[in-house]
Amino acid sequence: MDYPGTGVKQAEVAIDLNSVDGFYSSDFQNSAPMMTGYDNPNGSSPTGQISAQAYRRTNAGAAGKFMENNGFGWLLEVNEEDNDQIPLLEELDIDLTDIYYKIRCVLLPLPYFRMKLNIVRESPDFWGPLAVVLAFAILSLYGQFGVVSWIITMWFCGGFMVYFIARALGGDVGYSQVLGIVGYCLIPLVVTSLVTPLFSSFRLLSNALGIFGTVWSVYSAGTLLCVDELQTKKPLVVYPVFLLYVYFYSLYSGV
């Protein structure tokens with residue numbers, strides 16, 4: 001190669017691009033394009049990833065930075081774990097199917113119906129009996145809201161008395177079990193309380209229905225409460241239960 005104005009002839013230099021392995025490929029158009037960090041479909045940057053928590057702190061603003069500098073940054077933290085929304089009934093431990101079966105056990109305590117009556121005693125719950133007691137209290141209102149709190153108090157106190165007597169007689173029952181049985185066995189009184197107003201003009205018939213509901217409740221409670229070790233002492237357990245349900249019926253009827 002000659003450079004003008006010099007008269008000196010330089011040696012020619014040739015670069016063979018094929019001699020460098022990997023520098024040039026003849027099938028360049030057929031090869032897959034190189035993916036950079038900016039082409040990543042996940043949107044990650046080649047300069048590194050920043051956590052969501054650090055990103056929130058960076059964009060928290062003046063108030064957020066003030067709280068972070070004064071040791072209150074934990075108020076800005078958010079749990080990044082997947083928090084699945086738990087249904088309200090499951091969170092409150094309310095099983096409607098179980099409550100419905102227990103109601104059937106109370107309404108049908110006879111051996112003929114082949115119900116598993118021990119489920120009411122061995123698997124106690126709180127919300128089912130409470131709903132029954134509240135239903136009975138609402139039916140007993142007659143414009144006096146104080147009756148509701150008094151009936152609930154009698155449910156707790158009367159259940160404790162029955163529990164104390166059952167334990168004194170050697171029964172292997174817990175207070176929650178007795179409380180559940182006493183509450184559920186108010187269902188016959190609730191049923192008769194719904195039917196009695198239809199026969200209010202027939203005083204004798206309405207009283208007969210109230211007595212029938214009371215006996216029904218006592219029989220159901222006695223059947224569910226008297227476990228194996230209390231079978232021989234069943235009258236001693238049924239008697240306080242009978243007095244308790246008679247008192248419940250007197251609160252409803254006003255006698």
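Kindly provide the set of residues from the stretch 123-142 that are closer than 15 Å to SER193 by Cα, touching a residue at least 24 places away in the same chain (Cβ under 8 Å) and either β-branched (Val, Ile, Thr) or surrounded by 20 or more Cβ atoms within 10 Å (Cβ to Cβ) (or both), ordered by number.
If the condition is that a residue be closer than 15 Å to SER193 by Cα, touching a residue at least 24 places away in the same chain (Cβ under 8 Å) and either β-branched (Val, Ile, Thr) or surrounded by 20 or more Cβ atoms within 10 Å (Cβ to Cβ) (or both), then VAL132, VAL133, PHE136, SER140 are the ones that fit.
Taking the condition of being under 14 Å from VAL227 (Cα atoms), surrounded by 14 or more Cβ atoms within 10 Å (Cβ to Cβ) and without any contact (Cβ under 8 Å) to a residue 60 or more places away in the chain, how many residues in the stretch 113-122 meet it?
Residues in the stretch 113-122 being under 14 Å from VAL227 (Cα atoms), surrounded by 14 or more Cβ atoms within 10 Å (Cβ to Cβ) and without any contact (Cβ under 8 Å) to a residue 60 or more places away in the chain: 1 in total.
Can you tell me which residue among VAL191, VAL218, VAL195 is open to solvent by less than 40 Å² (accessible area, probe 1.4 Å) and of a type in the set (A, V, I, L, M)?
Checking each option against the conditions leaves just VAL218.
Tell me the residue from ARG104, ARG121, ARG167 that is in a helix (DSSP H, G or I), basic (Lys, Arg) and over 26 Å from TYR239 (Cβ atoms), please.
ARG104
Could you grab me the full set of residues in the stretch 213-253 that are under 26 Å from VAL148 (Cβ atoms) and free of Cβ contacts under 8 Å to residues at least 24 places away in the same chain?
Residues satisfying the conditions are VAL215, LEU243, SER250.
May I ask you to say which residue of TRP150, TRP155 is open to solvent by 70 Å² or more (accessible area, probe 1.4 Å) and in contact (Cβ under 8 Å) with a residue 12 or more places away in the chain?
Exactly one of TRP150, TRP155 is open to solvent by 70 Å² or more (accessible area, probe 1.4 Å) and in contact (Cβ under 8 Å) with a residue 12 or more places away in the chain, namely TRP150.
Could you please find all residues in the stretch 184-239 being within 13 Å of PRO109 (Cα to Cα), part of a helix (DSSP H, G or I) and not small (Gly, Ala, Ser)?
TYR184, ILE187, PRO188, VAL215, TRP216, VAL218, TYR219, THR223, LEU224, LEU225
Could you check the stretch 221-237 and list, in sequence order, the residues that are among the β-branched types (Val, Ile, Thr) and crowded, with 19+ Cβ neighbours inside 10 Å?
Result: THR223, VAL237.
Looking at the stretch 159-187 only, could you name the residues that are of a type outside the set (Phe, Trp, Tyr), open to solvent by less than 10 Å² (accessible area, probe 1.4 Å) and under 28 Å from the mean Cα position of the chain (by Cα)?
GLY159, VAL173, VAL178, GLY180, ILE181, VAL182, GLY183, CYS185, LEU186
Check the stretch 178-198 and report whether any residue there is more than 29 Å from ASP93 (Cβ to Cβ), in contact with an Asp or Glu (Cβ under 8 Å, 6 or more places away or on another chain) and in contact (Cβ under 8 Å) with a residue 60 or more places away in the chain.
Within the stretch 178-198 (the criterion being more than 29 Å from ASP93 (Cβ to Cβ), in contact with an Asp or Glu (Cβ under 8 Å, 6 or more places away or on another chain) and in contact (Cβ under 8 Å) with a residue 60 or more places away in the chain), the answer is no, since none of the residues qualifies.
The values are calculated or read from the model by the stated rules, or taken from the named source; none is laboratory data. Computed from a predicted model, the values in this text were never measured in an experiment. Please note: Cβ atoms are built from the backbone with ideal geometry, for glycine as well, and neighbour counts cover all protein chains shown. Remember, those area values only see protein heavy atoms, side chains included, never the ligands or the DNA or RNA. Shrake-Rupley method; radii C 1.70, N 1.55, O 1.52, S 1.80 Å.
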